[in-house]
Amino acid sequence: MDENPEFSVVHASLNRIKKKKEQQRYAEEQKIVKMNFNEEPCSGEKMSGMLAQLQLEELKETREKQQQREKEHIRYVEALRAQVQEKMQLYNITLPPLCCCGPNFWDAHPDTCANNCIFYKNHRAYHRALHSVISSSDISEGNSTLRSAIHNFASAHRRALKNL
């Protein structure tokens, strides 16, 4: 059976590379074994310190993930808000202002209202008013995209309220 000479050259070089990688892996493995062998056995205090450090790192990681989720959710709600506002302008739908803190519906927000406003730092009251205005507004059946955008906006606020 005649073999292709190019195939045998490639096969031989692959075997050389495999052997070299295997030798490197084995050397690294031996180095790790020697390092573990030379270390002193961990005392109880050392182990508890290491365990406490690991728990602290896990807690920090959990907090960072939670903060990241909150940031993403806020960005999502703001994007939905902009989308609903744009579609409402497109269909010439105007909603009454929720409070006296701004000239239109979109100026009311629990984080930006005046400190004597009912919505100031009161996300629940803002959500209730938002839901009431949205559910009582007359949106025609032809505007299904606007209706779904408004529903998504209200739902996102409801989810944000549960996270508070």
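No lab work stands behind these numbers, since they all come straight from the coordinates. A quick note: this is a predicted structure, and the numbers were derived from the prediction, not measured. Virtual Cβ from ideal backbone geometry, glycine too; neighbours counted across all protein chains shown.
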Modelling each spin label as a point 7 Å along the Cα-to-Cβ direction, I'd like the Val133/Ile32 distance in nm, to one decimal.
6.0 nm
Quick check: residue separation of Arg63 and Tyr76 times 0.36 nm, minus the Cα distance between them. What number comes out in nm?
2.7 nm
Residue by residue, what Karplus-based ³J(HN,Hα) values in Hz, rounded to whole numbers, does the stretch 88-105 have, using 6.51, -1.76 and 1.60 with θ = phi - 60° and x for Gly and Pro?
5, 5, 4, 8, 6, 9, 10, 10, x, x, 7, 8, 8, 7, x, x, 9, 4
Using a 10 Å cut-off around each Cβ, can you sort Cys100, Cys113 from fewest to most neighbouring Cβ atoms?
Cys100, Cys113
